[in-house]
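Taking it in order: structure first as structure tokens, then the write-up.
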Amino acid sequence: MGGLKKAAETRSSRGLSLERTRHAMISLRWVSSVLLGPFLREQSLDLIRPRQIEWAPALSPRTAKLKRYTLFYGEAGTGSPLLLIHGYGAGLWVWEKQIEVLSQHHRVLALDLVGHGFSDRPRIPYTPEAYVDCVRDFMDRLGLEKAVLIGNSMGGGIAWAMAVLFPERVDKLILIDSVPPDVLGAVRNESFRTLIAMNRVPFLAQWIIASRSRRSLRQVLRECLSDRTLIREAILRRQYDLLRIKGTTWVLYSTLAHAEEGLKFRDRLREIVCPTLLIWGEEDQVLPCSVGEALHEMIPGSVLRVIPKSGHIPMWESPEKVNPLLLSFLARDFLDKAFADEGK
């Protein structure tokens, strides 16, 4: 028996060692691809806003001039307002597969957050409050007293923070693979874990972000999607061009540097009173399902739905599964049906 136990422990130790080696190799590969950035990356781009959104012709491109900067957004449909909020480093394009469906019955407003997409990139501290102020001021500018907020990843964090700080402005809340208050402790994919570790060395994280390349972006997208065949050249180019716009390095670095400030909201999630739906990709490598389960426990009356064979941006990867959930939640009878299903 002792020999068997020792053999099992040896196999376990070897397995752990192999797993650590695999993670180290992934981290090394990602860092290497970033370090090659100065040799591979193209010249930075000026901010030029499109006159037409090619991937979503139904979206009318618009701008909203706020006190300190101008935001870019797309609008489609009429009815009760839905505000779509993207995640860290992304843009409103991640909602391309929801626009047509949602705009049939709602006024859809897909926003490029300050510092992202085709919005201005002022050199300000990109704190959680700065992003919340961005959304609130945008709603004020458009005269929206209340809206349904739908957020993915960092956009989800901004959405639930709005529901905590300005509950009177949030009609319903839909959080898709949302960051939690402890985002730095919760994130699990190798690219972000490596970047967080590098942030402990002065200026190193900022230099790595500045050195991003198409190769390092492809690795990040591979960690965000379950179906990696979706990473086509057109999608890679679309996101990479946004990251090349001047001023983006500061935005991403400053956002990362202030991310731990989200911890101040940890005990306030229980204050959320609006109907809340959480949607999670079952194979999310960035924020695993356990993060969604924890948020579900913290937000009173919330409902959690898991999307099989999908990653960190399931609304883009699996719209055929996510869109019916969105439409159902926006209907009045969703919560009654959800609670009935959970009681079976």
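Read the figures in this text as sums done on the coordinates, not as results from a lab. Note that the structure is predicted; figures quoted are calculated from it, not measured. A quick note on method: Cβ atoms are made from the backbone with ideal geometry, for glycine too, and the neighbour counts reach across all protein chains shown.
Checking the table K264/K321; K67/K146; K97/K264; K67/K97; K264/K309; K65/K146 against a 23 Å threshold on Cα-Cα, which pairs fail? Listed pairs above 23 Å: K264/K321; K97/K264; K67/K97; K264/K309. What percentage of all Cα-Cα pairs in the stretch 210-344 are separated by more than 19 Å? That tail contains 63 percent of the Cα-Cα pairs. The label-point distance for V273 and R232, in a model that sets each label 7 Å from Cα toward Cβ, rounds to 4.7 nm.
Calculate the FRET efficiency for D140 and W207 from the Cβ-Cβ distance with a Förster distance of 22 Å, rounded to the nearest 0.05.
0.05
The three principal axes of the Cα atoms in the stretch 194-250 give end-to-end lengths of 37, 25, 13 Å, sorted in falling order. When Rg and Dmax are taken over the Cα atoms of the stretch 107-185, they come to 12.2, 37 Å. Alpha-carbon geometry of the stretch 60-343: the Rg and the Dmax are 17.5, 53 Å, given in that order.
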